[in-house]
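Report on the following structure.
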Amino acid sequence: MKKITLVLVTLISLSTVTAQIRVGKAVLPYEENFGDTDLKLNGAGMREMLWIDLYAGGLYLQNNSSDPKAILDADETMAIKLNIVSGFVTQKKMIKAVRDGFQKATFGNTKPLDKRINEFIKFFSEPIVKKDVFDIVYIKDKGVVAYKNKKELGTIKGRDFKYALFKIWLGDQPASEGIKLGMLGIQ
């Protein structure tokens, strides 16, 4: 009986270990559940600047896709996970990056989203440190729900907001081409 228990514990441990992927210094789970929807890691990449790893990003979808337009247009639950791996990612730099990302995603026309962008920016009101994990989750019929280290920060309504937000990483002018290709499972 002890041998069977030992074998079962070993198998469970091994399945837990294989349920994650390493991206640089970050570890991302293969599966997540948000809004009672099971999501699978579509792909992941590393945001780098001058050969320094800043954060790992993972895209979680219900069904794999390498088509950024289809992902952006989809009205279904999906998530982006950002795992901070560098002390160079600060609260101030994250806020600037998000604002710049919305500018690029909307071709400079943020006016219809300004109020919601400002609400979203408030989610970065606390310091950001190495090993922080942000989950940006679009839940169909609810909106974008943001989490920091599994603590819910708030919800921003609107599929148009989700489109612009996810376009920061998946659009024609992404935060990083490498992270975009990684999230799409191309790289």
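The values are calculated or read from the model by the stated rules, or taken from the named source; none is laboratory data. For clarity, every value in this text was computed on a predicted model and none was experimentally measured. Positions of Cβ are generated from backbone atoms using ideal geometry, with glycine treated the same way; all protein chains shown enter the neighbour counts. Note: accessible area is taken over every heavy atom of the protein model, side chains too, but ligands, DNA and RNA are not part of it. Shrake-Rupley method; radii C 1.70, N 1.55, O 1.52, S 1.80 Å.
What's the magnitude of the charge dipole for the chain around its Cα centre, counting Lys and Arg as +1 and Asp and Glu as -1 at the beta-carbon? Answer in Debye, nearest 20.
560
For the chain, report the accessible area per residue in Å² (1.4 Å probe, heavy atoms, rounded to an integer).
Details: 10640 Å² over 187 residues.
That works out to 57 Å² for each residue.
At 0.890 mPa s and 25 °C, plugging the Kirkwood radius over alpha-carbon pairs of segment 84-179 into Stokes-Einstein gives what diffusion coefficient in µm²/s?
My calculation gives 179 µm²/s for D.
Hey, could you pull the Cα Rg and Dmax for the chain, both in Å?
When restricted to Cα atoms, the chain yields Rg and Dmax of 17.3, 67 Å.
Could you order 75, 132 so the one with the most accessible surface comes first? Probe is 1.4 Å.
Values: 75 50, 132 10 Å².
Result, largest first: 75, 132.
Structure shown: which of 40/115; 25/115; 92/150; 40/122 lie over 25 Å apart, alpha-carbon to alpha-carbon?
Numbers: 40/115 31 Å; 25/115 35 Å; 92/150 21 Å; 40/122 28 Å.
Pairs exceeding 25 Å: 40/115; 25/115; 40/122.
Between residue 99 and residue 33, what's the calculated FRET efficiency when r is the beta-carbon distance and R0 is 41 Å? Round to 0.05.
Values: r = 31 Å, r/R0 = 0.75.
It comes out at approximately 0.85.
Within the chain, what's the longest stretch lacking trypsin sites (Lys or Arg not before Pro) that sit in DSSP loops with no more than 16 other Cβ atoms inside 10 Å?
Of all site-free stretches, the longest is 26-129.
Can you list, largest first and rounded to whole Å, the semi-axes you get for segment 22-95 by taking the square root of 5 times each eigenvalue of its Cα gyration tensor?
Equivalent ellipsoid of segment 22-95: 24, 13, 12 Å, largest first.
Say the dipole of segment 113-187 comes from +1 at the beta carbon of Lys and Arg and -1 at that of Asp and Glu; which of 181, 154, 164 then lies farthest toward its positive end?
Highest projection toward the positive end goes to 154.
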